[in-house]
1. Which one of the conditions (1) over 16 Å from the mean Cα position of the chain (by Cα); (2) in a loop (DSSP other than H, G, I, E, B); (3) not aliphatic (A, V, I, L, M) does HIS329 fail to meet, given that it meets all the rest?
2. Return the pairs, sorted by first residue and then second, in which the second residue is crowded, with 19+ Cβ neighbours inside 10 Å and aromatic (Phe, Trp, Tyr), the first residue lies in the range 323-342 and is under 18 Å from ILE102 (Cβ atoms) and modelled with pLDDT of 95 or more, the beta carbons are less than 6 Å apart, and the residues are 6+ apart or on different chains.
3. So, in the range 86-96, of the ones that are surrounded by fewer than 24 Cβ atoms within 10 Å (Cβ to Cβ) and not in a helix (DSSP H, G or I), which residue ends up nearest to the chain's Cα centre (by Cα)?
4. Is it fair to say PHE346 is in contact with an Asp or Glu (Cβ under 9 Å, 6 or more places away or on another chain), surrounded by 15 or more Cβ atoms within 10 Å (Cβ to Cβ) and either of a type in the set (A, V, I, L, M, F, W, C) or on the phi > 0 side of the Ramachandran plot (or both)?
5. Would you mind stating whether LEU229 is touching a residue at least 60 places away in the same chain (Cβ under 8 Å) and surrounded by fewer than 18 Cβ atoms within 10 Å (Cβ to Cβ)?
6. Just to be sure, is GLY254 surrounded by fewer than 17 Cβ atoms within 10 Å (Cβ to Cβ) and either modelled with pLDDT of 90 or more or of a type in the set (Asp, Glu) (or both)?
7. Of these, PHE316, PHE361, PHE375, PHE339, which one is more than 18 Å from the chain's Cα centre (by Cα) and crowded, with 23+ Cβ neighbours inside 10 Å?
8. For GLU99, which of the numbered conditions (1) touching a Leu at 6+ places or on another chain (Cβ under 9 Å); (2) surrounded by fewer than 19 Cβ atoms within 10 Å (Cβ to Cβ) fails to hold?
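The values are calculated or read from the model by the stated rules, or taken from the named source; none is laboratory data. Remember, it's a predicted structure, so these values are computed and weren't measured experimentally. Every residue, glycine as well, gets a Cβ built from its backbone with ideal geometry; the counts of neighbours run over all protein chains shown.
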Amino acid sequence: MLLLQGLMGPLFRRLGQELIRDGHSVHKVNFNGGDRAFWRLPNGIEYRGTLAEWPDAFAAILRERGITDVVLFGDCRDHHMPAIRICREVGVPVHVFEEGYIRPDWVTLELGGVNGHSSLPRDPAWYRETAAALPPVPPPARMSASFRRRALEGLAYNFADVTTRWHYPGWSNHRPWHPVVEGMGWLRKLLRRKEREESSARLMAMLAASSEPYFLFPLQLDSDAQIRLHSPFAGILPALHVVIGSFAAHAPAGTRLVVKEHPLDNGVRDWQQETADLAARFGVADRVDYLATGDIVAITEGARGVVTINSTSGTFALAAGLPVVVLGHAVYDIAEITFQDGLDAFWTNPVPPSPETFAAFRRVLIERCLIPGGFFSREALDKVVRHAVARLEGRTIAPE
């Protein structure tokens, strides 16, 4: 089994340890010092070549090491896309980790590709028919997550990367920022954590006490391939422009728009200021709020509807029976589940999902694409690794 790049943190090391313990031969490609720092197990492959040289090098690794399966995090990274293409050509299965389609208590582990590359159909009748043949799944335990853990793992990864660049002359990061810039962004967020939490708590209290309905727009990561490859937007700023402009022109008076920062945003761009500037430009500064941190479930459940590009946070709203409109390509953008008449019409006529169709979709998704757990606490990571190993070995264990 071959692991490529994982999440910044110990996920792939933990996965490798359990697979080795079960008797598997496990190899891991390290593209930079951050990868190497979090691996620290046998059979690490130091790839020091260029992106152009990578396809031939990867094909050689598959042949020479007798690789039967490839595991990676994110199917749109620069080194992962050619690897997936080669695996398809030679018949090697690729297992793709991602943030869960349904969060926060599930993560994605899908065969072949995720999100816009998923092989799941878009036919609501197919989901109802398929789900009818599956047994019910007990709800998983709620998973905790630590922002401090996320930030510190990101800082450690970037520090190891930038201080070892000399050893990886061919490394080209799929992320648009230098690791020092990204690391400083995470540090600023850590230093402002208390201020941001207090501001967010005040906004949440105000929304709870107010009679004004609000729509929610959860931001995604500006560098996310789901934005660049699976949406009409080149980044978050043009998406903000479209959403706030549409809200100003079409949303009923007396409604608000809450823009929610992504919990993994690195702080390099000041999205709060960008949001405020656009709201002022469109004349709705008094109706647009920015939520820097907080429980996505709580803010979603109180919304009248959710606007998303293709974020998996849209499934929070769907699970609560709330209307969702999708601006990009999402695995759950299916008739009878999401609003199909466009953003401008959504503000005045947000139609909720069919509970039966969404329940069927969710059941099939869990069966084929999800495992319980999370990435940012010890308990959640333990659960992910346990269930990931079982799925890779073709075993089934019940959610705990």
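1. Going through the list (1) over 16 Å from the mean Cα position of the chain (by Cα); (2) in a loop (DSSP other than H, G, I, E, B); (3) not aliphatic (A, V, I, L, M), HIS329 breaks only (1).
2. From residues that are under 18 Å from ILE102 (Cβ atoms) and modelled with pLDDT of 95 or more, the pairs are PRO323/PHE339; ILE337/PHE358.
3. As a first pass, look at the range 86-96 and keep what is surrounded by fewer than 24 Cβ atoms within 10 Å (Cβ to Cβ): 86-95.
When the remaining residues are screened for being not in a helix (DSSP H, G or I), the result is 91-95.
Numbers: GLY91: 27, VAL92: 25, PRO93: 22, VAL94: 18, HIS95: 16 Å.
Looking at residues that are surrounded by fewer than 24 Cβ atoms within 10 Å (Cβ to Cβ) and not in a helix (DSSP H, G or I), I get HIS95.
4. no
5. Values: touching a residue at least 60 places away in the same chain (Cβ under 8 Å): yes; surrounded by fewer than 18 Cβ atoms within 10 Å (Cβ to Cβ): yes.
Spelling it out, LEU229 is indeed touching a residue at least 60 places away in the same chain (Cβ under 8 Å) and surrounded by fewer than 18 Cβ atoms within 10 Å (Cβ to Cβ).
6. Values: surrounded by fewer than 17 Cβ atoms within 10 Å (Cβ to Cβ): yes; either modelled with pLDDT of 90 or more or of a type in the set (Asp, Glu) (or both): yes.
It is true that GLY254 is surrounded by fewer than 17 Cβ atoms within 10 Å (Cβ to Cβ) and either modelled with pLDDT of 90 or more or of a type in the set (Asp, Glu) (or both).
7. PHE361
8. With (1) touching a Leu at 6+ places or on another chain (Cβ under 9 Å); (2) surrounded by fewer than 19 Cβ atoms within 10 Å (Cβ to Cβ) applied to GLU99, the lone miss is (2).
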